[in-house]
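Student: First the structure, then my questions, so here it is.
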Amino acid sequence: MTDCLGDGAGDMTPMDLYEKLTSQGDTVRTLKTEKAAKADIDAAVQLLLKLKVDYKQVTGQDYKTGCPPSECVVSQDNGPAADGEDMVDPWNVSTTNAKGVDYDKLIVRFGSSKIDQELVDRIERVSGQKAHRFLRRGIFFSHRDMHQVLDAYEKNKSFYLYTGRGPSSDALHMGHLIPFIFTKWLQDTFDIPLVIQLTDDEKYLWKDLSLEDCHRYTMENAKDIIACGFDINKTFIFSDLDYMGASPDFYRNVVKVQKHVTFNQVKGIFGFGDSDCIGKIAFPAIQAAPSFSSSFPQIFKGRKDVQCLIPCAIDQDPYFRMTRDVAPRIGYPKPALLHSTFFPALQGAQTKMSASDANSSIFLTDTPKQIKNKVNKHAFSGGKDTVEEHRKYGGNPDVDVSFMYLTFFLEDDEQLEKIRQDYASGALLTGELKKRLIETLQPMITSHQERRKQVTEETVKQFMTPRPLNYSF
Ligand code: TRP
């Protein structure tokens, strides 16, 4: 620990300060019991008080004997799910509620802010564009510091986007597209640079896969990402396995983060245990580094103060709570965030779509016939058992997976609302609702497949080459 102690509080982690405070408290007590000279006691007390002020500044909390900062931060920020609560972390998402995770409760538990109508209206005003349907419909539902990003943007201060993906297989499903569809909209709307991290290192550490496999998945997944339509002049896609070794500035930021986060903290945030490999324990710093513009000197010309905005699914938030905690202590702005809900599994919103369960997912490689069969066979229905009952009592769109998918993909608000009302009244049958969904998904996935076919190895290489983008910083 002592090698982390600097002169000012600015260099110290909350844990360093906590330990220094605790030992200074002991010093004061010893001096008093030993009846030391008044001047010595006073000096020691002064230092103790100063440390308490520093501590409050760095952690936002009052110092409490016996309560180390990580534990305080964790119970306030990310209490592990209590009995009956939804489970949401980077590796697990589940709830017992058929309507899905209670996202309002999650906002309170994670300490983020709700994307309310006022913020949606403001995004429209500032960008001069109609809000994306994901914003209009609460699919991106939570944020951190988005108002600050808009304040700065209004004063002509630019920002950049950062998102990512862990490439664990060739098979991307529709849920994987959500952050990318939205990120593309943000890039087009605000005209800003974008970096996309492919964490092949993460998947190697967590899964039973070889490094070669992870890297190959990276290159394949990059094609699907490029097929979402990103502008090659404004987008840098990178593999951790390649870029970490090639970029001294990126690695320097990783090490800075690593020095300022303790094992206690990542244990609290991510639940790591004594038998997790040390690669996992160090990994969060690698997901943090792209939040700082100095990790990409080729794009930002060495500037370290360009604000970052991260669109991601809410399960990635633990990484960025950690990142936001360290950022000011290593002299960088905190990244802002926009969080999305999960894309439900075909079987119901109790869990998210998973690539490892073929029947729970519609893959980007599925044929029109497979899409039709999967929706008809597996999509959980909120309809009644018989046509007579359905006509009489109506269906429940809130638990109906086909209706949920339409809220993600059907652009027209009026049509969507009519489908909801007709389904709830019983005028629209489950089979008819499913047909609407199938007709929406088939052309969407077919055109994705066509765009992906156009992506050559050469295009992938261009996107993944560290280079300046079309912006001057
Ligand atoms: N950990 C993420 C995953 O497993 C990948 C990722 C890296 C990411 N950086 C990100 C996701 C930033 C969203 C935003 O998929």
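The values are calculated or read from the model by the stated rules, or taken from the named source; none is laboratory data. These numbers were taken from a predicted model, which means no experiment stands behind them. A quick note on method: Cβ atoms are made from the backbone with ideal geometry, for glycine too, and the neighbour counts reach across all protein chains shown. Protein only, heavy atoms only, side chains kept; ligands, DNA and RNA dropped before computing areas. Shrake-Rupley method; radii C 1.70, N 1.55, O 1.52, S 1.80 Å.
Student: Ignoring everything except DSSP H segments at least 4 long, calculate the 222 nm mean residue ellipticity for the chain; use -39,500 (n - 2.57) per segment, divide by total residues, nearest 500. Present the calculation step by step, with values, prior to reporting the outcome.
Tutor: Working: 22 runs with 247 residues, N = 473.
So the helix-based figure for the chain works out to -16000 deg cm²/dmol.
Student: Work out from phi, with θ = phi - 60° and the Karplus expression 6.51 cos²θ - 1.76 cosθ + 1.60, the ³J(HN,Hα) of each residue of the range 418-435, listed in order in whole Hz, and give x for Gly and Pro.
Tutor: So the Karplus estimates, Gly and Pro as x, are 5, 4, 4, 5, 5, 6, 5, 7, x, 5, 9, 8, 4, x, 6, 5, 4, 4 Hz.
Student: Please give every one of the aspartates and glutamates within straight-line cross-link reach of LYS372, meaning a C-alpha to C-alpha distance under 17 Å, and leave out same-chain neighbours fewer than 8 residues apart.
Tutor: Counting by Cα, and skipping residues close in sequence, LYS372 has these aspartates and glutamates nearby: ASP400, GLU432, GLU439.
Student: Could you pull out every one of the aspartates and glutamates with an alpha carbon less than 15 Å from that of LYS35, ignoring same-chain neighbours closer than 8 positions?
Tutor: ASP26
Student: Also: Carbon-plus-sulfur fraction of the accessible area of the chain, 1.4 Å probe, in percent?
Tutor: Working: 10880 of 21430 Å².
The value for the chain is 51 percent carbon and sulfur by accessible area.
Student: Another question, then. Can you work out ³J(HN,Hα) from phi for every residue in the range 296-302, in order, using Karplus 6.51 cos²θ - 1.76 cosθ + 1.60 and θ = phi - 60°, giving whole Hz and x for Gly and Pro?
Tutor: So the J values, rounded to whole Hz, are 10, x, 5, 8, 9, 6, x.
Student: Taking the alpha-carbon distance from LYS234 and a cut-off under 28 Å, which lysines remain once sequence neighbours fewer than 8 residues away in the same chain are dropped?
Tutor: LYS130, LYS155, LYS157, LYS184, LYS203, LYS223, LYS256, LYS301, LYS304, LYS334, LYS453, LYS461
Student: Among residues other than LYS130 whose Cβ falls under 15 Å from its Cβ, what is the net charge (Lys/Arg +1, Asp/Glu -1)? Could the numbers behind the result be given before it?
Tutor: Numbers: positive: ARG122, ARG125, ARG133, ARG136, ARG137; negative: ASP121, GLU124, ASP188, GLU411, ASP412, ASP413, GLU414.
After counting each charged neighbour, the total is -2.
Student: With every protein chain kept in place and ligands, DNA and RNA left out, what is the accessible area per residue of the range 243-354? Probe 1.4 Å, answer in Å².
Tutor: Numbers: 3620 Å² over 112 residues.
Per residue, the range 243-354 has 32 Å² of solvent-accessible surface.
Student: Before anything else, pin down the relative contact order of the chain: Cα pairs under 8 Å, at least 6 apart, normalised by residue count, whole percent. Provide the component values of the computation, followed by the final result.
Tutor: Working: 716 pairs, mean separation 79.0, N = 473.
The normalised contact order for the chain reaches 17 percent.
Student: When ranked by the protection proxy of mean other Cβ atoms within 10 Å per residue, highest first, what sequence do the peptides 203-212, 298-307, 409-418, 190-199 form?
Tutor: Numbers: 203-212: 14.9, 298-307: 16.5, 409-418: 12.6, 190-199: 21.7.
Top to bottom by mean Cβ count within 10 Å: 190-199, 298-307, 203-212, 409-418.
Student: Determine, from the Cβ-Cβ distance of TYR393 and THR465 and an R0 of 51 Å, the FRET efficiency 1/(1 + (r/R0)^6), rounded to the nearest 0.05.
Tutor: On the way: r = 59 Å, r/R0 = 1.16.
The value I calculate is 0.30.
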